[in-house]
Every structure is written in structure tokens, then in C-alpha cells.
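Working notes, structure below.
The values are calculated or read from the model by the stated rules, or taken from the named source; none is laboratory data. Note that the structure is predicted; figures quoted are calculated from it, not measured. Cβ coordinates were reconstructed from backbone atoms using ideal geometry, including for glycine residues, and neighbour counts include every protein chain displayed. Note: areas computed on protein heavy atoms with side chains; ligands, DNA, RNA excluded. Shrake-Rupley method; radii C 1.70, N 1.55, O 1.52, S 1.80 Å.
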Amino acid sequence: MAELEKRASANPGNTNQSGANPGAPGKLNQSGANDTRSGGAGMRGPGGRHGRGRGEFQKPKDMRKTLSKLFSYLTAYRFRLCVVALLLITSSVCTVGGSYLLKPLINNYIVPGDFAGLIQMLIFMGCVYLTGIVCSYGYARLMVDIAQNTVAKLREDLFSKMQTLPLSFFDTHTHGELMSRYTNDMENISEAINNSFGSLISCVLNFTLTITMMLILNPALSLVTFGMLIIMFFVVTKIGGASRRYFTEQQKTLGAMNGYIEEMTEGQKVIKVFRYEKAALNGFDEKNNAYQKAAVKAHIFAGIMMPAMGNLSYLNYALTCAVGALMAIHTNDLGGLAAFLQYSRQVSQPITQVSQQVNVILAAVAGAERVFEIMDTEPELDQGEIAISYSDASGWSWRKPDGNIIPLRGGVQLNHVIFGYTPNQTVLHDISLYAKPGQKIAFVGSTGAGKTTITNLINRFYEIRDGEILYDGLDIRDIQKSSLRRSLGVVLQDTHLFTGTVRDNIRYGRPDAPDAEVYAAAKLAGADQFIRRLPDGYDTILSGDGGNLSQGERQLLNIARAACADPPVLILDEATSSIDTRTEKLIEEGMDRLMRGRTVFVIAHRLSTVRNARAIMVLEHGEIIERGDHDELLKQKGRYYHLYTGQAELD
């Protein structure tokens, strides 16, 4: 990998602008083609820049609608924006007006030799330019404040919106794609509000005022400048278009290279085991060279823009000088010529700046469009009115809107449930089962049989297509989702720990749990001993999803988290699958205590863990093909018998 990094560092271009990871193609890559659903998915791995780089140009789909929504955020700063507009106009008037003062300065004071008047005129010109400088600073300072406050509000609203979205939304959007909304898209919006909007308005004002003053000073000489402006506009259009195309190609190849490096870095152990180093280097060279070629072309066109415009500006100035000098001989208006020449130098600058700022603004509007696309997504539907409540006297219960109280016992029943993640796909076919309060129900079967899907439906992560799910006789659609999920404790096979102390991670599902209950939950899960051996015990900081812990230790904390939440119903997605046999036996008694008195659903991969289940459901292709306890299913000598005796594989 050191050689990979060395070769990457020699690459031209801004490698900090890591574009979307399109899934680097190659023999080892399984991520598929470029993710173009939203025009810029980010890198799927943690860390790094996500989304599009600044050099890439993308035209928004509905600019008017997006700008309307974006300006609705700016309306909170109406007064400051009015001040900005006033400062912008004043700055432009001072800039253009200061150049016009050259005419009276030369004609009225320098040529006649009035040095006293010259000094006064110079002081006046200095005040004009100083006013312009102060106004420019003022509007720039105000726009920084407006931009940062607007983007902060946008981030807050976006994050708040994401908390209301259904799980299906996150199933169809990669982590990098969502992260790019907070990073690159927000950065583009901030840049546009901070600099580009003001600069664009300033350029338009300066250009309009400059053209007006040129026509006032010398309409005939203005024709020479207008002819050169047409040529300049044509050059900007052609060079800018080519530059945008190559920057787009650069970002695409950069994303491929970054994705390849990320994939190779994560797979170093596999690479070394299978001696894939040479092939990995060859693959990197191919992507590195592709990026280099695209970057060279992109930066060539970007680099020649200013020299080309500069030379055309000099040519315009020379022609204007020649023609203007001939006119000045007859009119004796040296001051008018000097002022006109100053304008001829200024008039081309707004064209180049507008070309650059328009791209930034369009990129920002496209980014805002992607942000608002998420904000416009329908939130998770929740029409439930029944809430969960707890009292020391009666324990957990359901409270109806009319005030009736129903004890929460944990009885769950599925009646003829049909479900599919998409309308054209049915995952569960007519599933019916029940779990009486305090019973342990196990689901076994091949991968994709529908085991986890059933538990997701009980949590209402997805809505069933047909049938009903009853919880203590109540339709779960009538229960508030937050209350429903408070009553369910879930221990997933894939653990996720958050940055913070061990203590905070255990009490994640119940932030108000006292330390004594945190310690009790850890002991119940068998995690207390290894926690106390950590450098700071329960105050040890975890980061990187608990990367400083073993997989088994992370799973133990996951179980302790569920124990601390103390839910009436437990869902265990093979909670001990990542724990070695010795550790599994150490926590077996603790798990039994955790499950005692609770309804428990277990998704099992190790069939040895479900022998004591009250009922075992064997699923295949979304249907329950066998049901019964361990002994009954063995006597049937069906699918479960073959799985248990090793004559068939779960996967």
C-alpha cells in the first residue's frame, strides 16, 4: 500500500476533492456500477470527503423550485440582505464612478496645471474608492454570517428530517450518498451564498454600469470594445464548456481510484493471503493513469482561460488606445480617453468572473436540490394513538386515548401476514403464528427465508401488505411507533457501538438508567469482568464502532444494552453468533435470566441455541413449513431434522 500511496501522491490535480465512489471496477470489486441515483453518491466507507468535487458541473433539474425553497431560508435575514444590496450597489457605483473621475481630473486639473484643485480631486477620488472598499468588506462580512447561519439551519432541518424517515429509505440510499448531502452539497451551498451570489450581482452591476459609462463617454469607440466582448464571450463559452466536460471526467476517474484504494486497503489481509499485490498494483496503475489523463486535460483548459482572456483584454486595450488616440486628437478630450481606457480594462473582468460564479451557483443549486429531495421525502407513517406507560405498582401497560389501561403482557400474534419489500416481490406468504406471554419462539431456516423480516414487521420498520399483527390483542398499527419499539428489545447480529463511554453505550436505550442498573445489566450479559479490565473500566471511551474491542466483547455490550433497557419483549437475531463457545456458555445463565418472564423471538443460526424454545418455526421461501418444539420436529424427520443433524446447510 505504501507504493500505492506513493504513486497517488505523484498524481496531478486536487486529490482532496474525492468524488463519488462509483464502485471501482475490477476482479475483486463487488460494488457494481456508478451510483447515479442522486447525482453524486459519496464514498461508502467511513471518513473522507463524500460526493462531488468542486470542479464538477451539474445542472439542477428544477432551478426555479429549488431557488424558491433556498430563498425561503434566506427570508429570515431580510434586513441584512437589504443592507447587503445597498452595500453592493454603493460598492459598484464607487468602483465605476471612480474611473469616470479620471476625465475631469485630467481635463480640468492636470492639463490646465491646477495643482491645488488636483490635490482636492485626488482626495475626493480616494474617498470614493475607500467608500467602495468599506462597502465591499461590509457586504462580504454580512454574507459570511448569512451563509453560515443558513447552512447550519439546513443541516439541522436535514438531520431532523432523517430521524423521521422509514428504514426503507436508508435501505435504498448508501451511507456515502447521504453523507455527501452534509459535506459536499452543504459546502457548495455555503460557498454560493457566501461568495458567488454577491459576486454575481456585483459583476452584473459593474458590467452594466461600465457599459453605460462607455456609451456616455464615447459611443463610437464603444463599438470596438463590444466587438472584442463578443469574441471574449465566444472564447469563454468554448473553453468553459470543454473545461466542465473534462472536470466531470476527472471526478469520475478520481472516484473510481479512491474507491479502489479504499477497497484494497480494507482487503489487505485477503490480498496478502492470495498474493494479489501485483494485480492490485496493476489495477491501481490503470485507474491512476486514467485520472491523470483526465486531470491534465481539465487543468489545461482551466489554466488557459485566464491567459486567453488576459491576452484578448490586452488586444482590446491596444485597439482602443489606437482608435481612441486618433479621436482624442480631434476632440482634445484626453481625460475622456483615459477614463474610457480604464473602463475597457474593467469590462472584460465581469465576463470571466460571471462564467466562474455561474458554475458555482449551479452546483450549489444542484446540491440544494438533492438536500430538498430528502426533505420532501414522505416521513414514516405513524397513526397510532395507544401509548406505553409504566408504574411501580402495575408495571408496563398500554394506555388507550379514552383512558383505558391494558396490561402489557407480551402476547404477539401474526394472522395471515403477507409482505414484500417491493410491490412485485412477495417475501412472506400467509404467515400465521402466535407467541403467548413469556414464551420463547425461534425462527430457523435458510438465508433469505424471511426470519429477520418477521421481526422487522413486529417492530413496524415496514408495513405489512395484508393480514394483521396483534400485540396483547391490539393491532400494532394502533400503537405509537415509539411506544411499540420501547416495549421491544432487539439484539442484532451486527453490533453497532457509538462514540462515548462503555457506560453510555450500555444505557443507550435508557439514558436515565442509574449506574447500579448499568452494572447489573453488564453482569447479566457476562460483560462486567472484561469491562473492568479495560483501561478506564466503564468510563473507557469507545470509538470507531468499538474497534478496540473484540467482536465477542462488542456483542456482549450489545446484550447488556438490551438488558439495561429492560423491555417486556426481546428479539434476538442470533445474539451469540459472534461469541466463542466458552463465552457463550459463560453468559448462558445470564441470557436465561434476561429472557425470564419475557416473550422472546430468536432468529437462530446455531440450532443448539433454540432447543429450549417453546415453539420453533422452520421457514423456507417465506413460508412456515414446520412448527413445533425441538423434540417434535426431530420426530418428524423433516427439514429441521436434516438441519440439526448436519444433513443440510442453513445457507
Going through 400/436; 440/523; 436/637 one by one, the pairs whose alpha carbons sit over 24 Å apart turn out to be 436/637
Ranked output for segments 628-638, 183-193 by mean other Cβ atoms within 10 Å, highest leading, reads 183-193, 628-638
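Can you compute the charge dipole magnitude of the chain about its Cα centre, using +1 on each Lys and Arg Cβ and -1 on each Asp and Glu Cβ, nothing else charged? Give it in debye, rounded to the nearest 20.
On the way: 66 positive and 64 negative charges, 248 e Å.
For the chain, the charge dipole is close to 1180 debye.
I want the antiparallel fraction of DSSP beta bridges within the chain, as a percent rounded to 5. Each step should come with its number before you reach the end.
On the way: 28 of 47 bridges.
Taking every DSSP beta bridge within the chain, about 60 percent pair in antiparallel fashion.
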Pseudo-spin-label distance residue 149 to residue 529, built 7 Å along Cα→Cβ, given in nm, is 5.9 nm
Karplus-derived 3J(HN,Hα) from phi for region 522-534 (6.51 cos²θ - 1.76 cosθ + 1.60, θ = phi - 60°), whole Hz, x at Gly and Pro, runs 5, 5, 4, 7, x, 9, 4, 5, 6, 5, 5, 8, 5
quick shape note, region 464-562: Cα extents on principal axes in Å, largest first -> 51, 26, 21
Length gained, residue 377-residue 141, 0.36 nm per residue minus C-alpha separation, equals 81.5 nm
A student asked for the Cα radius of gyration and Dmax of region 137-291 in angstrom ought to give 24.5, 79
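Please compute one quarter of the surface area of the Cα convex hull for the chain and express it in square nanometres.
Orientation-averaged projected area of the Cα hull: 39.5 nm².
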Taking a straight Cα-to-Cα line shorter than 30 Å from residue 269, and setting aside same-chain lysines fewer than 8 residues away, one finds 6, 27, 252, 278, 287
So the carbon and sulfur contribution to the accessible area of the chain, 1.4 Å probe, in percent, is 57 percent
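Taking the Cβ of residue 106 as the centre, find all other residues whose Cβ is under 13 Å away and add up their charges (Lys, Arg: +1; Asp, Glu: -1).
Here the charged neighbours net out to -1.
Calculate the translational D of region 402-534 in whole µm² s⁻¹ from Stokes-Einstein, where the hydrodynamic radius comes from the Kirkwood formula applied to all Cα pairs, the temperature is 37 °C and the viscosity 0.692 mPa s. Each step should come with its number before you reach the end.
On the way: Rh = 17.4 Å.
It diffuses with D of about 189 µm²/s by this estimate.
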Packing-ranked peptide list from 639-646, 510-517, highest mean Cβ count within 10 angstrom first, is 639-646, 510-517
Restricting to lysines and to Cα separations under 21 Å from residue 69, and discarding same-chain partners fewer than 8 apart, the set is 59, 61, 153, 161
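Using the per-residue mean of other Cβ atoms lying within 10 Å as a proxy for protection, in what order, highest first, do the peptides 304-316, 394-406 fall?
Values: 304-316: 15.2, 394-406: 12.9.
For the peptides 304-316, 394-406, the packing ranking is 304-316, 394-406.
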In deg cm²/dmol, rounded to the nearest 500, the helical mean residue ellipticity at 222 nm of the chain, built from -39500 (n - 2.57) for every DSSP H run of length 4 or more, is -18000 deg cm²/dmol
